[in-house]
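Here's the structure, in structure tokens; my notes come after.
No lab work stands behind these numbers, since they all come straight from the coordinates. In this text the structure is predicted, and so the values were computed from the model without any measurement. Heads up, the Cβs are rebuilt from the backbone with ideal geometry, glycines too, and the neighbour counts pull from every protein chain shown.
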Amino acid sequence: MKFTRRDFIRNSFLVGSSLIFSSSSPALPKKEEPWRPAYEKLEREGKFEQRVKQAYALFENCHLCPRRCGVNREKGERGFCRAPLKVVTFSAHPHFGEEISLVGQHGSGTIFFSNCNLRCIFCQNWPIAHEGRGQEYEDEELAEMMLKLQKIGCHNINLVTPTHVMPNILNATRIALKKGLRLPLMYNTSGYERLEMLKILDGVVDIYKPDMKYMDSDKAAKYSAGASDYPEVTKKAIIEMNRQVGILRTDKQGIALRGVIIRHLVMPNRVAGTEKFVKWVAQALPKSTYVNIMPQYRVEYKAYEHPEIARGITVQEFLEAMEWAEKNGLTNLDPNSVAVRNFYRSRQ
Ligand code: SF4
């Protein structure tokens, strides 16, 4: 086809117009990067497999938690937690009783692990935590549970009492990742964690939800099977968790993506040391740390045998706990607890 001078002029004009048009039009908004879980990045960096191996090696001489039993779980020996080598779970389902930002519309994808390394005498889940009720699963099956929770729309994978099965969790998460898991991974723990183990979890866990049960070692020893080091160990653990994932962040819908949520159960007769706890948070962590001061203590399991904790808390005990938190400048208290506080205040 013949290319005439007229064609040349017309084409030049069109090209010029488009250049003028593109340079004078407003810049398109940058496409927002889709949110990705921490463990996906770790896999892309080629570091996840090594973490799984490092964690699994700990079973030979189990020092997974501060109890440091030293048993060989590979050979079937059991330590303080009574956990076998394979993971034992009691249930896996959407849970609607967690903090609002975890529950959203479709629930928190909660996997309850059986057995426990702390074993408190007021445990609300004692048949699962103390007696180990549940069923053994392969890591591949645990991965399938995670994927199923994702498929039904849960907003996160909520690993309840994970400490003694941390290697299985890592392995299962990696298997699930390869099959499409993309939910935030939440480590929902008593807080009784070794720093060395948390370093293995760095870059794997998106949300840490530790308890801070007591601030006094004599209370911890009395009510949590001799764990007198609980306050010191847990304080260090929470500081490390905060270093890894920081203040809780949510998406536009208010769903939690990454960060720390600290839970503190108010106990009767100031057993939990709530005033010391909020002071410590205010000094050691950002004041905007998400703190859930919980009023729902119930007399469970063997708590009936200890008069000091053999009753629920009073309204006054809950209100003084919330007042201490406010007085110490904590700015990110759980909205449900704030609503309960406001309700009781309105009745005074
Ligand atoms: S995880 Fe269990 S066996 Fe291992 S150190 Fe802790 S209590 Fe002992």
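Using 0.36 nm per residue and subtracting the Cα-Cα separation, the extra length available between R298 and V315 on full extension is 4.7 nm. Any idea what angle helix 335-347 forms with the longest principal axis of the chain, computed on alpha-carbon atoms, 0 to 90 degrees, nearest 10? Computed tilt is about 60 degrees. Spread over its residues, the convex hull of the C-alpha atoms of the chain is 189 Å³ per residue. Dipole orientation for the chain: of the candidates M212, G259, T163, G259 has the Cα lying most toward the positive pole (charges on Cβ; Lys, Arg +1; Asp, Glu -1). Taking every DSSP helix (H) stretch of at least 4 residues in the chain, weighting each as -39,500 (n - 2.57) and dividing the sum by the residue count yields a mean residue ellipticity at 222 nm of -12000 deg cm²/dmol. Report the paramagnetic label zone for A339: residues of segment 273-315 whose backbone N is under 18 Å from a point 7 Å from Cα along the Cα-to-Cβ axis. Flagged as within label range: 291-297. Evaluating 6.51 cos²θ - 1.76 cosθ + 1.60 at θ = phi - 60° for every residue in segment 35-48, the Karplus couplings come out as 5, 10, x, 4, 5, 5, 5, 4, 5, 4, 7, x, 10, 5 Hz, glycine and proline recorded as x.
Full extension of the chain between Q135 and A57 gives 25.8 nm of extra length, using 0.36 nm per residue less the Cα-Cα distance. Checking every one of the chymotrypsin sites (Phe, Trp or Tyr not before Pro) in segment 63-109 against DSSP loop status and a limit of 16 other Cβ atoms within 10 Å picks out F96.
Segment E33..K75, full-extension length gain: 10.5 nm, with 0.36 nm per residue of separation and the alpha-carbon distance subtracted.
Angle of helix 230-245 to the longest C-alpha principal axis of the chain, folded into 0 to 90 degrees and rounded to 10: 0°. Within the listed set I128, I238, I157, the Gaussian network model of the chain (springs between alpha-carbon atoms below 10 Å) gives the highest mean-square fluctuation for I128.
Annotation for S228 and R44: the two label points, set 7 Å from Cα along the Cα-Cβ direction, are 4.9 nm apart. Electrostatic bookkeeping for E49 treats Lys and Arg as +1 and Asp and Glu as -1; over the other residues with beta carbon under 13 Å from its beta carbon, the sum is +4. For the chain, the longest principal axis of the C-alpha atoms and the axis of helix 5-24 are separated by about 30°.
Using only Cα coordinates, the Kirkwood hydrodynamic radius of segment 35-100 works out to 14.6 Å. Taking amide H positions as placed in the peptide plane 1.01 Å from N, state which residues far from L257 in sequence (5 or more) or on other chains have amide H under 5 Å from it. Hits under the 5 Å cutoff: R249, T250, D251. Loop sites here are GluC sites (Glu not before Pro) outside DSSP states H, G, I, E and B with no more than 16 other Cβ atoms within 10 Å. The longest part of the chain free of them is 139-299. Amide H to amide H distances under 5 Å link V87 with Y137, where only residues 5 or more positions off or on other chains count and H is placed in the peptide plane.
Can you tell me how segment 257-348 classifies by the Cα gyration tensor, rounded, prolate or oblate, using a/c under 1.5 as the rounded cut?
prolate
Approximating the spin labels as points 7 Å out from Cα along Cα→Cβ, the A284-to-E308 distance works out to 2.0 nm. Among the listed pairs K209/K235; K47/K178; K178/K235; K75/K302, those whose Cα-Cα separation exceeds 25 Å are K178/K235; K75/K302.
If the label point is 7 Å along Cα→Cβ of H106, which residues in segment 178-195 have backbone nitrogen under 12 Å from it? Correct set: 182-184.
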